[in-house]
Each structure stands twice: as C-alpha cells, then as structure tokens.
Amino acid sequence: MNEQIKHAFEEYRKAVQAEAALTEEIQSREDKRPTAEDQTQFERMEADIDLWRKETQRLLKVAERSQEVDELRAQFGSLFQQDDARERTPVKTDGQRLMDARASILAGGEGREFDSITTRAYVRQLANRFDVRALASPGGTAIDTTFIDQVLFYEVDESPMLDPAVVDVRVTTRGEPIYFPRLTADANVAGTLTAEAAQLNEADPTLSRVELNAYKYGGITLWSSELDEDDVIGIQDVLARSLARHIVEQVNGPLTTGGGSNAPNGIINAAANGGTAAGTANNTFFGPDDVIDLFYGRKPAYRRRGNWMASTTGLAKIRKLQDSTGQKIWQPSLIPGAPETVLGRPIFENPDMAAVASASKSVLFGDTHAYVTRRVGSARIAVSRDYKFNTDELAVRVTERIDGDLLDANAVAYLVSAVA
C-alpha cells in the first residue's frame with residue numbers, strides 16, 4: 001500500500017511540475033500568449049493533477065481503514081468461535097465482496113485490465129452505494145452474494161448510464177417518488193459594481209422540479225440442473241454476464257433516450273441542443289470543428305468536469321477526426337483501463353445513442369454527473385428449483401427498479417448531425 005501511495009503522489013507531483021513548466025515557458029515568449037495546443041495541454045494536465053490527487057487521497061483513506069480493521073480484528077478476534085467443528089468466517093463488507101468478485105472475474109481469464117484507477121473507482125463507489133444481500137425463494141436456492149456482486153459489476157461495465165464514473169448514481173432503500181430541484185437557467189447577472197449603500201442587483205435562477213420514480217425491469221433466465229451440478233464451464237460467471245446484459249439492454253436505452261412518460265427521462269431527451277453540425281466534404285455529418293464548438297459551447301465549469309458520450313459509430317467517427325494541423329482530437333488513454341479522451345476529457349461509448357446519420361444525435365458533451373440515475377436497493381435475485389420442475393431446470397429471477405433525469409438543463413448538450 002505504501003508503494004502505491006508513493007507512486008500516486010509522485011505522478012501528482014510530476015503533473016504539477018509539468019503544468020508549472022509550461023506556464024514558465026509561455027511567460028518566456030515574447031507575446032506571452034498560450035496557443036490552442038497549450039490550452040489543450042493545460043486541460044490534460046489539470047485532469048491529471050485532479051486524478052492523481054484524488055487517487056492519493058483515496059489510497060491514504062484505504063490505508064487508514066485497513067489499520068482500523070486490523071486493530072478491531074486484534075481486539076475482537078477472540079469472539080470468533082467454531083460452529084459444527086468448523087471455523088466461522090467473519091462477515092464480509094460490501095467492498096470486500098466486490099473485491100472478491102473482481103478477483104474471481106480475473107481468475108476466470110477475462111484478460112481485462114481491472115487494476116486501473118478508473119475501475120477501482122467503479123468498484124469502490126459500488127461498494128459504498130449498493131445494498132448487496134443474498135435472497136432465496138420458497139423451495140429455492142440462496143444466491144451467493146458474490147454472484148450479485150458480479151451481476152452489478154458487469155452492469156456497470158456495460159452501461160454508461162449505470163456507471164458512477166459517468167452519471168450520479170443514487171440508491172434509495174424504498175421506491176416512493178423522490179423530488180429534486182432542476183436548474184433550467186442561471187441567474188442573469190451582469191458584472192456590474194455596486195456602489196456603497198446602493199441597491200444590490202436582484203436575479204433569480206430558473207428552477208423546476210424533477211420527480212424520480214422507480215420503474216421495474218427484470219426477467220427470468222433458465223438453465224439445466226446438469227449444468228448447475230457439473231459447473232464444468234464456470235456457469236456462475238456466464239450467468240452473471242447474461243443477467244447483467246438482460247438488465248442493461250432494458251434500462252440503458254430508456255436512461256439514454258427515454259421520453260419521461262412512464263419511463264426515465266433519457267439524457268438525450270433532457271439535454272440542451274448544442275447546435276447542428278456544418279459538416280465538410282470529407283466529414284459529411286460532422287467534422288472536428290463541430291466537435292470543438294460543442295465542447296466550447298458549455299460553460300467552463302461544465303467543461304472542467306465534462307465527459308463525452310457517443311454511439312458506437314459516433315465514437316468510430318470521432319477517432320478518425322483530425323484538426324487543421326493533422327492532429328487527432330481523440331487520444332488513447334495513458335493509464336491502462338482508463339477511458340480514452342477527446343480534447344482532454346473522457347469519452348464513453350453508449351450503444352443506445354443514435355448511429356451517425358442525417359440529423360441524428362450521436363454525440364453529446366457536458367457534465368454528465370448532472371444526470372441522476374436512481375436505483376432502489378440492489379439487484380434482487382432469487383433462484384427457484386420448482387418453477388420448471390417438469391423440465392428439471394433451474395430459474396433465476398432478477399428485478400431492479402430504476403429511473404433517471406437531468407438536474408441541470410445546461411450541463412449537457414448534444415450535437416445534431418448535418419442534414420445530408
């Protein structure tokens with residue numbers, strides 16, 4: 001742990017020094033003016049500084065918690081007794097169970113890089129937010145909590161609208177409607193000076209109210225008792241992936257493009273119109289200038305926290321775009337597992353956004369954390385051996401209650417492709 005902390009702090013120090021060096025280099029120029037390339041570098045450096053500062057703080061907190069756990073274990077270790085000649089296993093926290101699930105996934109030879117800062121953030125936030133528990137149906141079989149952890153992990157892995165790194169995921173214990181204020185427009189205040197004892201300027205932001213409900217999604221998956229008994233192909237991981245996709249394919253679409261009537265108000269439906277692309281002869285539907293205009297169409301505060309989101313074909317097109325100097329506006333991640341970037345900000349693929357076409361909405365940018373995805377508790381999963389008694393199959397049922405809406409109308413904007 002100490003080596004991890006040292007590494008994170010060293011990366012933070014390097015990022016700060018790089019920013020200072022670039023500032024000094026600009027000041028040494030005759031015009032002392034930063035170029036567009038300088039601005040891009042500054043934004044990347046600020047993102048690195050923020051990233052490594054947060055990672056250093058996180059690792060320090062983890063170290064503190066580990067020390068507290070060791071002290072408690074030493075203090076209360078004598079309370080652990082044997083039951084039926086077997087040693088009881090101390091109850092694991094949600095975070096430990098999620099880490100176990102991740103270790104199990106890695107052991108399955110998935111070949112993914114799960115040791116990135118981004119993925120650790122996913123797991124940590126899930127551990128803090130989700131109420132994970134084992135459930136059983138009458139006459140059925142209890143679900144191991146690590147299985148639920150795997151389902152939740154794969155849901156986040158496959159759906160940007162359920163990912164705490166992309167949107168604000170809020171978990172409630174019950175499903176009654178909850179209400180949030182929605183900022184429609186900032187107060188219109190000019191930068192005027194108020195004289196001594198003079199009347200202060202009056203201005204009100206435009207606010208409305210968002211109601212988040214709890215729409216139910218779910219389904220039943222069947223598998224044979226032979227597969228359950230033999231487990232020769234690692235059926236648990238296969239089922240976890242399948243169940244996660246079952247939920248993701250139902251909820252990611254409404255959270256992306258839903259109309260808000262008996263369904264979530266999708267981020268595309270709630271976002272602002274960032275303008276229609278002009279396109280070029282080489283880039284029919286949108287070009288690099290259109291993407292840059294969408295980026296700078298948001299206020300600086302939104303840009304500093306901003307994320308990109310694009311459909312599969314939208315992401316493919318963005319990766320090919322080049323600026324006037326021949327530089328790609330898309331950049332690969334320098335940290336294994338971390339998202340790719342466009343103009344210095346992370347970009348996430350959302351397959352439920354529209355494909356690139358005439359007048360389509362296949363790209364958006366802004367502070368996507370202004371979008372709240374509301375979840376009621378955790379995934380509810382139960383197994384029954386009786387449901388398909390006549391065919392000797394097991395049935396696993398998964399249900400979730402979810403809603404979502406954007407709490408700041410100006411935080412996120414989409415780009416309308418040029419009309420071809």
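The values are calculated or read from the model by the stated rules, or taken from the named source; none is laboratory data. Keep in mind it's a predicted model, so treat the numbers as computed, not measured. Cβ coordinates were reconstructed from backbone atoms using ideal geometry, including for glycine residues, and neighbour counts include every protein chain displayed.
Identify, from the list 47, 15, the residue that is touching a strand residue (DSSP E or B) at 6+ places or on another chain (Cβ under 8 Å), surrounded by 15 or more Cβ atoms within 10 Å (Cβ to Cβ) and at pLDDT 65 or above.
Details: 15 fails: touching a strand residue (DSSP E or B) at 6+ places or on another chain (Cβ under 8 Å).
Of 47, 15, the one residue that is touching a strand residue (DSSP E or B) at 6+ places or on another chain (Cβ under 8 Å), surrounded by 15 or more Cβ atoms within 10 Å (Cβ to Cβ) and at pLDDT 65 or above is 47.
Restricting the search to the range 206-235, which residues are outside any strand (DSSP E or B), modelled with pLDDT of 80 or more and loosely packed, with under 12 Cβ neighbours inside 10 Å? Step through it out loud before you land on a result.
Going through the range 206-235, the residues outside any strand (DSSP E or B) turn out to be 213-214, 225-235.
Pick out the ones that are also modelled with pLDDT of 80 or more and you get 213-214, 225-226.
The answer is 226, and nothing else.
Could you check the range 297-414 for strands (runs of 3 or more DSSP E) lying wholly inside it with 1 or more residues that are in contact (Cβ under 8 Å) with a residue 60 or more places away in the chain and more than 17 Å from the chain's Cα centre (by Cα)?
Passing ranges, in order: 361-366, 371-376, 380-388, 393-406.
For the range 1-37, give me the residue count where each residue is hydroxyl-bearing (Ser, Thr, Tyr) and in a helix (DSSP H, G or I). It would help to see each step written out before you state the result.
Residues of the range 1-37 that are hydroxyl-bearing (Ser, Thr, Tyr), as a first pass: 12, 23, 28, 35.
Adding the requirement that they be in a helix (DSSP H, G or I) leaves 12, 23.
Residues in the range 1-37 being hydroxyl-bearing (Ser, Thr, Tyr) and in a helix (DSSP H, G or I): 2 in total.
Quick check on the range 160-170. Is at least one of its residues in contact with a Ser or Thr (Cβ under 9 Å, 6 or more places away or on another chain), in a strand (DSSP E or B) and surrounded by fewer than 17 Cβ atoms within 10 Å (Cβ to Cβ)?
yes
If you check residue 199 against the conditions, is it assigned to a loop (DSSP other than H, G, I, E, B) and either closer than 28 Å to residue 158 by Cβ or of a type outside the set (Lys, Arg) (or both)? Give the derivation first.
Working: assigned to a loop (DSSP other than H, G, I, E, B): yes; either closer than 28 Å to residue 158 by Cβ or of a type outside the set (Lys, Arg) (or both): yes.
It is true that residue 199 is assigned to a loop (DSSP other than H, G, I, E, B) and either closer than 28 Å to residue 158 by Cβ or of a type outside the set (Lys, Arg) (or both).
Examine the range 44-67 for a residue that is over 28 Å from the mean Cα position of the chain (by Cα) and touching a residue at least 24 places away in the same chain (Cβ under 8 Å), and state whether such a residue exists. Talk me through it step by step, then tell me what you get.
Of the residues in the range 44-67, the ones over 28 Å from the mean Cα position of the chain (by Cα) are 67.
If we keep only those that are touching a residue at least 24 places away in the same chain (Cβ under 8 Å) as well, we get none.
The answer is no; no qualifying residue exists.
Give the residue that is surrounded by the most Cβ atoms within 10 Å (Cβ to Cβ), with candidates limited to residues of the range 270-327 that are within 18 Å of residue 368 (Cα to Cα) and aromatic (Phe, Trp, Tyr).
That would be 308.
For residue 297, indicate whether it is of a type outside the set (A, V, I, L, M, F, W, C), at pLDDT 85 or above and touching a helix residue (DSSP H, G or I) at 6+ places or on another chain (Cβ under 7 Å).
Details: of a type outside the set (A, V, I, L, M, F, W, C): yes; at pLDDT 85 or above: yes; touching a helix residue (DSSP H, G or I) at 6+ places or on another chain (Cβ under 7 Å): no.
Here the answer is no, as residue 297 does not meet what is asked.
Quick one: is residue 364 assigned by TED's automatic domain parsing to the domain that holds residue 345, in contact with a Lys or Arg (Cβ under 6 Å, 6 or more places away or on another chain) and among the hydrophobic types (A, V, I, L, M, F, W, C)?
Values: assigned by TED's automatic domain parsing to the domain that holds residue 345: yes; in contact with a Lys or Arg (Cβ under 6 Å, 6 or more places away or on another chain): no; among the hydrophobic types (A, V, I, L, M, F, W, C): yes.
So residue 364 fails the test.
Within the range 370-382, is even one residue touching a helix residue (DSSP H, G or I) at 6+ places or on another chain (Cβ under 8 Å), aromatic (Phe, Trp, Tyr) and outside the structural domain of residue 40 (by TED's automatic domain parsing)?
yes
Could you tell me whether residue 247 is under 15 Å from residue 352 (Cα atoms), surrounded by 23 or more Cβ atoms within 10 Å (Cβ to Cβ) and either modelled with pLDDT under 95 or not assigned by TED's automatic domain parsing to the domain that holds residue 357 (or both)?
yes
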